[in-house]
Amino acid sequence: MITAEGLSKRYGPKTAVDDVSFTVRPGTVTGFLGPNGAGKSTTMRMIVGLDRPSTGRVTVNGQEYRGLRAPLTEVGVLLDAKAVHTGRTARNHLRAMAATHGIPASRVDEVIEITGIGSVARKRAGGFSLGMGQRLGIAAALLGDPHTLILDEPVNGLDPEGVLWVRNFVRHAASEGRTVLLSSHLMSEMAQTADHIIVLGRGRVLADAPLSQLVEQWTTAQVRVRSPRAVELGELLVAAGAVVQGSGHDTIDVTGPEAWWIGDLAAERGIALHELTPTSGSLEDAYLALTGDAVEYRTRAVPEAGTPIPEVVA
């Protein structure tokens with residue numbers, strides 16, 4: 001279990017993490033989300049003792065990381081897949097790490113097999129692709145068979161097979177009672193992997209809840225209706241107090257009434273329905289609603305398709 005209590009970190013006048021408290025519990029995959037500059041990486045670095053908190057404390061299974069006698073066997077960490085001696089082979093890199101904790105060479109072979117890097121294990125890490133570097137970083141995190149896993153963007157650069165493997169692996173690890181803290185910017189992947197979500201924004205906790213509860217609280221459910229008389233049905237629904245948006249000549253999205261009520265109304269008026277599909281919001285929708293005012297680095301809006309691009313005048 002990871003427990004943060006009033007955790008803050010300041011760099012001169014800038015506050016990167018501001019009075020953050022949360023608990024990452026065993027047996028669940030906890031997603032750690034937030035815009036760039038939100039304080040996620042700084043928080044993870046404080047968990048594993050790479051940065052010292054300005055105030056507050058964070059513990060792993062009741063102890064600060066620096067107090068762990070054999071940290072590799074307690075906490076598996078992937079923060080930077082590039083943190084490897086580029087002249088060493090993957091196998092030698094893992095053997096060097098194993099030697100610091102008396103971990104047998106057989107375990108090195110096991111994690112090489114688990115992460116699928118056997119074919120490149122004798123090649124220098126400096127020549128690895130981004131995906132292979134990620135796999136080596138995950139192998140290093142697994143070396144001590146730890147009860148706690150902290151993985152920052154573990155699917156970055158992986159092919160679809162690798163992404164699926166990471167998803168299945170972390171869920172299996174949680175099912176074994178391990179503590180898993182997983183950071184990613186891929187909302188669709190996080191939605192399929194995480195049980196619980198912590199969202200940071202400008203160094204503060206914006207949300208800390210089960211994924212389903214977060215989505216329900218921060219998104220609006222709709223009903224997709226398709227009918228040859230969609231316009232007429234939409235007018236009836238608006239008159240009944242619903243919010244209706246057209247998404248096609250025969251399709252409307254309805255907010256307010258439930259699907260069964262819309263179906264009954266259509267039946268009463270003899271309106272044929274070709275589709276009546278309740279839709280819920282996504283994790284991405286909830287995340288954007290939560291962090292809309294907490295984005296530090298904001299990009300310019302992209303023009304809609306078909307919008308003319310202004311000419312550049314020399």
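The values are calculated or read from the model by the stated rules, or taken from the named source; none is laboratory data. None of these values were measured; they are calculated from a predicted model. Note that we place each Cβ from the backbone using ideal geometry, even for glycine, and neighbour counts take in every protein chain shown.
Worth a mention:
- Every residue from the stretch 253-271 that is among the β-branched types (V, I, T), within 16 Å of G281 (Cα to Cα) and surrounded by 15 or more Cβ atoms within 10 Å (Cβ to Cβ): V254
- Per the listing G49, G56, G37, the residue uniquely in a strand (DSSP E or B) and farther than 26 Å from R171 by Cβ is G56.
- Residue check for T23: in a strand (DSSP E or B), assigned by TED's automatic domain parsing to the domain that holds V166, at pLDDT 95 or above and of a type in the set (V, I, T): yes
- Taking the stretch 191-220 as the range and being loosely packed, with under 15 Cβ neighbours inside 10 Å and either at pLDDT 95 or above or among the hydrophobic types (A, V, I, L, M, F, W, C) (or both) as the test, only P210 passes.
- Residue list for the stretch 65-84, restricted to those being under 24 Å from the mean Cα position of the chain (by Cα), part of a loop (DSSP other than H, G, I, E, B) and either among the aliphatic types (A, V, I, L, M) or on the phi > 0 side of the Ramachandran plot (or both): L79, A81, A83
- Candidates V29, V111, V75: the one that is farther than 23 Å from G131 by Cβ and buried (at least 19 other Cβ atoms within 10 Å of the Cβ) is V75.
- Condition check for R88: at pLDDT 95 or above and surrounded by fewer than 21 Cβ atoms within 10 Å (Cβ to Cβ): no
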